[in-house]
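Take a look at the structure set out below.
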Amino acid sequence: MTLTGARERRVRTGGIELCVAELGDPARPTVVLVHGYPDSKEVWSEVAERLAGRFHVVLYDVRGHGRSTAPTPLRGGFTLEKLTDDFLAVLDAVSPGRPVHLVGHDWGSVQSWEFVTVERTEGRIASFTSMSGPSLDHFGHWIKQRVRRPTPRRVGQLLGQGAKSWYVYLLHTPALPELAWRGPLGSRWPKILRRIEKVPDGDYPTPSLRTDAAHGAWLYRDNVRSRLSRPRTDARAHAPVQLITPLGDAFLSERLYDELERWAPRLTRHTLPAKHWIPRTRPDQVATWISEFVTAVESGDPAPAANGRYAQRFAGLLVLVTGAGSGIGRATALAFAEAGARVVVVDRDAEGAARTAEQARSGGARSAWAETVDVSDERAMEKLAEKVAGEYGVVDVLVNNAGIGLSGSFFDTTTDDWRRVLDVNLWGVIHGCRLFGRRMAERGQGGHIVNVASAAAYQPSKALPAYSTSKAAVLMLSECLRAELAGRDIGVSAVCPGFVHTNITSTARFTGVDAAEEKRRQERTARLYGLRGYPPEKVADAILRAVVRNQAVVPVTPEARGARLMSRLAPKALRAIARLDPPL
Ligand code: NAD
């Protein structure tokens, strides 16, 4: 496997030869990617290709891995001190006069923590992005703290990480790991990566895997016990650090990084719902975060671009919200923008969309675009999907929120009324899921779809037959799609609000009455919803939380939660309520 367009050279250091590959223009800022265990530099190929247009990208095979030579003897040849010598030798070759941006995954990150915290690299590293690999020194202190002052929570954390580290103990046994890797484990590893880690098919891992894994066992043996038992007390990062934590990492607990600011005061955090091998499974996200961080540091401003409760999770993601010109959609678009996401604001009301996008930008959003589209118009939605994919990228979070209200008995509801409400409330959601969801699925890097249904989806009412039917369909569609997309790491949530104070009451249609009566009912409903006073911002918060927690069905407002409970425990009572006349 070769990296497309890479230039290769050999760098000699301490009796070994390192295989170094470079992509992109050497005049640009240099990003050095360090691979983990068991791996070679090719783990970075997808990320490197995405970065090469903007940066000078450098990758090297760690000693004993890939096409770099191994030290003899192996024992003692992999100490962090020697790995630091190698790193500096690579820097002297590829970027002698300018500090580099360091990125490490797994053991690449473990050793990079050493590079960024020792004195002899000061001035050579401009920034460090760490993924799934803690500093052994920080880890040592983390363990010591918990052993010295054990509370039930701390003991739980220790045991939790202890269980996740099972392979580390095995790697300390003599000869066994080498035998396993050169034998059955080596031949099964590609399948294990695909099945368990969901690493896509392709020419990764490289044929050097067995040797990489056998040699790399010395990374553990040469460093882990000694560092964990005597961690350095001065392991403070001398460059800004960006920490990317995959929340589904089978080997590392996120609790390890709880007090990281103590060691890395200039810290930016990101989390993503993924397993350990994110350079292979989430290259778009990883490349975007590296790119943004490097650019921010180069411009002298490494502070996190967004704050707020959800910034770690959504900063830099592309989010599309329909019906975002007003009410719940607007509040949702603004909440995502505040969390640092790039937002596409879609509404059939051009002015409303433009206002929301403007508000997002003036609130500090890095990118917010307004698009005028009727979600029920399939052709227009197709055009929108093409434009978004071409200009902004694949949507990471889709919120199908656009909807209209319709009230009136079944026999007062004309077929045109039915068509209109189903076209917007159901077909609008179907178009969104088909067009944006398909691209999400094809990209193969996860994502999330939120469909805004309603408590009316499970609470029958003689006053809302068409509206409730459309929302019940959205709820079931969401459940079915959730089942279908689960295997592709795409979550689907149905959010079901109760009464929320928005414009919907003033625009909802009332069938079977004349225009004057319709107006009176709209005004009266608007007053009632106003008195109820539940703000759309709270629904927006529930939507962001639904994505973070990957919740299936989310009733919002106490009455929506109550009705959901009744639909399960006391459906008869709910049916009795359905017969009541609405307060009009
Ligand atoms: P809203 O009227 O304030 O906002 C809806 C937005 O959707 C408007 O900006 C409107 O222009 C847009 N829209 C309507 N039809 C569209 C179409 N065909 N194409 C593109 N945009 C369109 O209403 P809201 O209360 O914020 O409603 C948002 C969603 O929440 C709807 O799906 C609604 O059914 C649902 N909901 C609302 C409540 C509530 O009490 N407000 C309760 C439950 C569910």
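The table below gives the values:
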{"item": "All positions within the range 499-517 that are part of a helix (DSSP H, G or I) and within 16 Å of the ligand (Cβ to nearest atom)", "result": "Ile504, Thr505, Ser506, Thr507"}
{"item": "Some residue of the range 448-462 being assigned to a helix (DSSP H, G or I), in contact (Cβ under 8 Å) with a residue 24 or more places away in the chain and either surrounded by fewer than 20 Cβ atoms within 10 Å (Cβ to Cβ) or not small (Gly, Ala, Ser) (or both)", "result": "no"}
{"item": "Sole residue being touching an Asp or Glu at 6+ places or on another chain (Cβ under 9 Å) and in the same structural domain as Arg545 (by TED's automatic domain parsing), chosen from Ala331, Ala389, Ala385", "result": "Ala331"}
{"item": "Any chance Val429 is near the ligand (Cβ under 10 Å from one of its atoms), part of a helix (DSSP H, G or I), in contact (Cβ under 8 Å) with a residue 40 or more places away in the chain and over 30 Å from Ala573 (Cα atoms)", "result": "yes"}
{"item": "Flag for Ala239 being aliphatic (A, V, I, L, M), in the same structural domain as Ser109 (by TED's automatic domain parsing), in a helix (DSSP H, G or I) and in contact with a helix residue (DSSP H, G or I) (Cβ under 6 Å, 6 or more places away or on another chain)", "result": "no"}
{"item": "Tally of residues being more than 15 Å from Leu83 (Cα to Cα), within 25 Å of the chain's Cα centre (by Cα) and not in a strand (DSSP E or B) across the range 104-132", "result": "1"}
{"item": "Tabulated pairs, the range 123-134, first farther than 27 Å from Ser253 by Cβ, second part of a strand (DSSP E or B), C-beta under 6 angstrom, 6+ apart or interchain", "result": "Ala126/His101"}
{"item": "Which listed residue, of Gly329, Gly352, Gly325, is near the ligand (Cβ under 10 Å from one of its atoms), more than 24 Å from Ile290 (Cα to Cα) and not in a helix (DSSP H, G or I)", "result": "Gly325"}
{"item": "Verdict on Glu119 being surrounded by 21 or more Cβ atoms within 10 Å (Cβ to Cβ) and farther than 23 Å from Glu298 by Cβ", "result": "no"}
{"item": "Enumeration of residues in the range 527-560 that are basic (Lys, Arg) and more than 13 Å from the ligand (Cβ to nearest atom)", "result": "Arg527, Arg545, Arg549"}
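Quick grid of which residues meet (1) assigned by TED's automatic domain parsing to the domain that holds Phe293; (2) over 23 Å from the mean Cα position of the chain (by Cα); (3) near the ligand (Cβ under 9 Å from one of its atoms); (4) in a helix (DSSP H, G or I):
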position: Val343; (1), (2), (3), (4): no, no, no, no
position: Val346; (1), (2), (3), (4): no, no, yes, no
position: Thr356; (1), (2), (3), (4): no, yes, yes, yes
position: Ala360; (1), (2), (3), (4): no, no, no, yes
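The values are calculated or read from the model by the stated rules, or taken from the named source; none is laboratory data. What you see is a predicted model, and the numbers here were worked out from it, not measured in a lab. Using ideal geometry, Cβ is built from the backbone for each residue, glycine included, and neighbour counts are taken over all protein chains shown.
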